[in-house]
């Protein structure tokens with residue numbers, strides 16, 4: 001058995017966390033969080049943190065696997081709600097989470113001269129954080145409906161490449177804090193820095209703060225860039241004109257038309273859908289690079 005890479009007592013003392021469930025190795029922190037949600041033992045209020053040193057069967061978006069070896073930061077937050085959260089609000093929760101994480105990582109990355117971008121870590125629609133064109137973090141949001149035994153819940157799963165090695169086959173698509181900084185990063189410090197940043201964005205999401213879309217657009221890596229969207233019907237190119245308040249990517253086509261692309265983050269089918277009031281092309285992901293989750 002390996003030594004625990006986290007200072008669990010310090011993490012439990014964080015004022016925003018109701019409690020910590022830790023496993024050395026687990027198939028998926030989000031699966032365990034969903035199981036705990038079904039038990040109905042976690043009340044509304046601060047989230048429950050489910051944390052693991054290693055995750056063997058994590059999920060990405062849409063439906064991809066997220067491999068988390070020792071050295072990575074893998075956790076899920078279980079939030080219980082007194083009333084159901086509309087599914088159409090889950091993509092914006094993923095964006096709000098990624099925004100908070102990008103700010104925390106940017107603060108840490110700012111100390112190294114190897115990172116040229118400002119901010120160093122940026123949001124990539126619909127649910128990633130990147131450094132340059134390389135993915136460093138993914139977010140997955142899932143909802144659990146109410147049952148006779150439990151109130152409805154939302155689980156926010158997060159995977160951050162911190163000290164874990166990057167597969168050589170993904171060296172052009174993925175990065176880690178160790179790769180960017182050239183040094184080891186304590187996992188507890190990284191987690192606590194993230195837990196200091198995301199509560200603000202969670203609260204802004206809950207209150208439907210009109211300034212939240214402005215913040216995620218400032219952090220958007222692809223703003224005004226020409227990108228390619230991987231959609232179920234094939235790829236489509238255009239220029240990113242931002243992300244609207246509903247979490248839809250605004251893509252300007254070659255003919256000047258503006259499409260609103262919807263990611264079905266949090267839906268059980270994990271496939272993008274159309275928003276009926278706008279012309280929409282379903283979208284799974286955007287790149288110029290192809291990131292594997």
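Determine the distance separating the Cα centre of the range 65-97 from the Cα centre of the range 119-135; give it in Å without decimals.
Their Cα centres are 17 Å away from one another.
For the range 8-216, with equal point scatterers placed on the C-alpha atoms only and solvent neglected, what are the log10 I(q)/I(0) values from the Debye formula at q = 0.13, 0.19 1/Å, to two decimals?
Debye intensities relative to I(0), on a log10 scale: -0.68, -1.50.
What full-extension length gain, to one decimal in nm, is calculated for residue 226 and residue 111 as 0.36 nm per residue of separation minus the Cα-Cα distance?
Full extension of this stretch gives 38.4 nm more.
Using the basic label-point model (7 angstrom from Cα toward the beta carbon), what is the residue 171 to residue 10 distance in nanometres?
It is 3.3 nm.
By how many nm would the segment from residue 183 to residue 39 grow when fully extended, if each residue of separation counts as 0.36 nm and the alpha-carbon distance is taken off?
That pair, residue 183 and residue 39, stretches by 47.7 nm at full extension.
In whole angstrom, note down how far apart the Cα centers of the range 156-222 and the range 225-248 are.
Each part's Cα centre sits 21 Å from the other's.
Bear in mind that the values in this text are calculations on the coordinates, not laboratory data. In this text, all values refer to a predicted model and were calculated from it rather than measured experimentally. Every residue, glycine among them, receives a Cβ derived from its backbone with ideal geometry; neighbour counts consider all protein chains shown.
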